[in-house]
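Structure first, then comments.
The values are calculated or read from the model by the stated rules, or taken from the named source; none is laboratory data. Keep in mind the model is a prediction, meaning the values are calculated, not measured. Glycine gets a Cβ as well: all are built from the backbone with ideal geometry, and neighbour counts include every protein chain shown.
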Amino acid sequence: MKQNYFTIIENTPLTNTVFRLRLQGDTSAVTVPGQFVNIRLDGQFLRRPISVCDVEGDVLTLIYKVVGRGTEQLRAMTPGEKLDLLTGLGNGYDLTVAGPAPLVIGGGVGTRR
């Protein structure tokens, strides 16, 4: 687990309640599919756990659904703002046992390989 600050580079609506959040920062702790991050939001007591959708270099992509006060606050954030994240959480999946074209199906919003 690593605590880092990430810069928002995109927070785009995909539907009325689902958003793509792209963040730039140290992604070195995100090593396998199935991991998640915890996002700290000002004024909120608990961090928000969000599954990692994709990692490309130093860009982390999260897909989230607005379901309460924390994700509503996240929806209002704009490019250039910074977020405090705990990264590299969860054990993820060992895809080496799945063959050359693994398919990972998540039970939430935004999990993919």
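Which condition number does residue 96 fail, the rest of (1) more than 15 Å from the chain's Cα centre (by Cα); (2) in a loop (DSSP other than H, G, I, E, B) being met?
Exception for residue 96: condition (2).
Name the residue, out of 27, 78, that is within 27 Å of residue 104 (Cα to Cα) and in a loop (DSSP other than H, G, I, E, B).
One residue alone meets the criteria, 27.
Across the range 19-44, which residue is nearest to residue 86 (Cα to Cα) among those that are buried (at least 16 other Cβ atoms within 10 Å of the Cβ) and among the basic types (Lys, Arg)?
In this case the residue turns out to be 22.
Please go through the range 73-82 and give me each residue that is without any contact (Cβ under 8 Å) to a residue 40 or more places away in the chain and either surrounded by fewer than 11 Cβ atoms within 10 Å (Cβ to Cβ) or under 11 Å from the mean Cα position of the chain (by Cα) (or both), ordered by number.
The one that is without any contact (Cβ under 8 Å) to a residue 40 or more places away in the chain and either surrounded by fewer than 11 Cβ atoms within 10 Å (Cβ to Cβ) or under 11 Å from the mean Cα position of the chain (by Cα) (or both): 76.
Against the definition (within 13 Å of the chain's Cα centre (by Cα) and not in a strand (DSSP E or B)), how does residue 34 come out, yes or no?
Yes, satisfied.
The rows are residues; the columns are (1) at pLDDT below 90; (2) among the small types (Gly, Ala, Ser); (3) touching a helix residue (DSSP H, G or I) at 6+ places or on another chain (Cβ under 6 Å).
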residue: 38; (1), (2), (3): no, no, no
residue: 59; (1), (2), (3): no, no, no
residue: 62; (1), (2), (3): no, no, no
residue: 70; (1), (2), (3): no, yes, no
residue: 87; (1), (2), (3): no, no, no
residue: 91; (1), (2), (3): yes, no, no
residue: 99; (1), (2), (3): yes, yes, no
residue: 103; (1), (2), (3): yes, no, no
residue: 108; (1), (2), (3): yes, yes, no
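How many of the residues making up the range 18-33 are among the small types (Gly, Ala, Ser) and within 19 Å of residue 74 (Cβ to Cβ)?
Of the residues in the range 18-33, 1 are among the small types (Gly, Ala, Ser) and within 19 Å of residue 74 (Cβ to Cβ).
Which one of 62, 85 is in contact (Cβ under 8 Å) with a residue 60 or more places away in the chain, part of a strand (DSSP E or B) and on the phi < 0 side of the Ramachandran plot?
Every option except 85 fails the conditions.
With (1) under 20 Å from residue 13 (Cα atoms); (2) outside any strand (DSSP E or B); (3) among the acidic types (Asp, Glu) as the list, and residue 42 as the residue in question, which single condition is left unmet?
The failed condition is (1).
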